[in-house]
Amino acid sequence: MAHIVAPSILSADFANLQRDVEMINSSSADWFHVDIMDGVFVPNISFGFPVLKAIAKHAKKPLDVHLMIVNPDQYVPSFKEAGAEILTVHYEACTHLHRSVQNIKNSGMKAGVALNPHTSVSVLEDIIADIDLVCLMSVNPGFGGQKFIENTYHKAGLLKALIKNKHSKALIEIDGGVDLDNYKKLLQSGADVLVAGNTVFSSKDPVGVISKLKT
Ligand code: DX5
Ligand code: ZN
């Protein structure tokens, strides 16, 4: 399978959101990566449903919604209604992760689980067969434009082996600090989905950067 590139809207110009959404529509990107932060699970607040709906109104590609919030279960139906196709919750935010995953799938979305940099992939052993995507955080969640954590290559390899071993179909997504210097090594380490915020949006040629990340 060809890998997926998901530009992160967190780095877009929010005063020109429609323009940036249309830039992604016209590019070779596959998904929109949309970060929701609550100021509790992470030390930052991004945006909520009105903005997500505004993105969905113009987006012509799937919305990959990454929840960095506590108690995600209570908002699952609202995220479906707002247009999410893939909904990712944090392992560290879910006491009953199996229930959260089933809720997401029963609502008609694909279910993802994100792991903070300090969380071992081994915690997914008993749920990996039930999930569609694992988001490996390659920075501490909360902000765009941070430095990539090198241990992520090692984690991606371990996760690839776990997925194979458990006959899971989960995709491996890398989120944080992905750039034109590390993306090839990430793909070689097993990544299926590359999230890129700063690398895409700080460029004068975001469409060109996206097409490089696709090759
Ligand atoms: C970080 C977010 C990321 C962020 C990545 O908490 O989950 O999706 O947008 O941004 P970059 O690519 O700039 O590190
Ligand atoms: Zn994210």
**Message:** Exactly one condition in (1) part of a helix (DSSP H, G or I); (2) more than 16 Å from ligand 2 (Cβ to nearest atom); (3) open to solvent by 10 Å² or more (accessible area, probe 1.4 Å); (4) out of contact with any Ser or Thr (no Cβ under 7 Å at 6 or more places or on another chain) is false for residue 40; which is it?
**Reply:** (1)
**Request:** May I ask you to list the residues in the stretch 193-215 that are open to solvent by 10 Å² or more (accessible area, probe 1.4 Å), within 15 Å of ligand 2 (Cβ to nearest atom) and in contact (Cβ under 8 Å) with a residue 40 or more places away in the chain?
**Result:** 197, 198, 201
**Prompt:** Wholly within the stretch 172-215, which helices (runs of 4 or more DSSP H) include no fewer than the required count, namely at least 1 residues that are in contact with a Ser or Thr (Cβ under 7 Å, 6 or more places away or on another chain)?
**Reply:** 198-201, 206-214
**Asked** Within the set of pairs 6 or more residues apart or between chains, which connect a residue that is under 23 Å from residue 171 (Cβ atoms) inside the stretch 1-20 to a residue that is of a type in the set (Gly, Ala, Ser) and away from ligand 1 (no atom under 14 Å from the Cβ) with Cβ atoms less than 9 Å apart?
**Response** 5/27; 5/28; 5/211; 7/27
**Message:** Can you tell me which residue is farthest from ligand 2 (Cβ to nearest atom) among those in the stretch 153-188 that are open to solvent by less than 20 Å² (accessible area, probe 1.4 Å) and out of contact with any helix residue (DSSP H, G or I) (no Cβ under 9 Å at 6 or more places or on another chain)?
**Reply:** 173
**Asked** Of the residues 57, 147, which is within 16 Å of ligand 2 (Cβ to nearest atom) and over 16 Å from the mean Cα position of the chain (by Cα)?
**Response** 147
**Asked** Of the residues 160, 155, 169, 164, which single one is part of a loop (DSSP other than H, G, I, E, B), modelled with pLDDT of 95 or more and away from ligand 1 (no atom under 14 Å from the Cβ)?
**Response** 169
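The values are calculated or read from the model by the stated rules, or taken from the named source; none is laboratory data. The structure presented is a predicted model; accordingly, all values stated were derived computationally and were not measured. As a convention, Cβ positions derive from the backbone with ideal geometry for all residues, glycine included, and neighbour counts pool all protein chains shown. These area figures cover heavy atoms from the full protein model, side chains too; ligands, DNA and RNA do not enter into them. Shrake-Rupley method; radii C 1.70, N 1.55, O 1.52, S 1.80 Å.
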